[in-house]
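To keep things clear, I will list the structure first and then write my remarks on it.
The values are calculated or read from the model by the stated rules, or taken from the named source; none is laboratory data. Keep in mind that this is a model prediction, so the values were computed, not measured. Every residue, glycine among them, receives a Cβ derived from its backbone with ideal geometry; neighbour counts consider all protein chains shown.
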Amino acid sequence: MKLTITKALLCIAALLFTQSLRAQDQDYLLTLKGDTLFGKVSQSSVDHTKFKYKTAKMKKAEDITVDSIKEFTCNRIPLVMRAVTMEGVKKPVFMIVVEKGAISLYSLMEWNAMESNRIHSSMEFYVSKNCDSVRLLKSNYNTDKPKEQILDEFAELLKDKKSIYDKFKAKEYYNFTYLFKLIHFYNTGLTL
């Protein structure tokens, strides 16, 4: 009798273990309602505002708009994407989550077709503090805001941790690596 119960418990444990491994291989979608859906996620529009998902129980993939998705990932690109709101933009935009914490760091890459079949890309980094409303931190493209204003706004996010704020204000040059390490240190207290 005890041997049968032990075998049954081992089978249940093995089943749960294999299910958890399978779930890690699946994409996930976090909806604005708080539901987490596992399955296959794919983009269905060029402008990053529509995605399709299909769970194991569904016969056909369904469209989901950026208005209903908070966060998602796809196995083919091992990145977490999150819907955030940008200043002056009505709809949320999906950005790559670079660092998640009290201060979150996001990346947005845009491709613009130009004349003579040339493609121009711009890389921008945004930050937010305890919310999903982002502000520009760094860009390789011309922006409307002066660099000093962008850096002053970022410094305001650091003021509650004086030693990090002072370290940031003492620096004269800010590359992405430095800003990323500073944000990571702010969030975790650990250096990279």
Query raised in the report: Can you name the condition, by its number, that GLU156 falls short on among (1) more than 24 Å from THR85 (Cβ to Cβ); (2) part of a helix (DSSP H, G or I)?
Result: (1)
Requested in this report: Can you tell me which residue within the range 97-124, out of those that are outside any strand (DSSP E or B) and of a type in the set (S, T, N, Q), is modelled with the lowest pLDDT?
Outcome: SER116
Query raised in the report: Do you know which residues across the range 134-147 are surrounded by fewer than 13 Cβ atoms within 10 Å (Cβ to Cβ) and in contact (Cβ under 8 Å) with a residue 12 or more places away in the chain?
Result: ASN140, TYR141
Query raised in the report: What about THR177, is it loosely packed, with under 10 Cβ neighbours inside 10 Å and modelled with pLDDT of 90 or more?
Result: yes
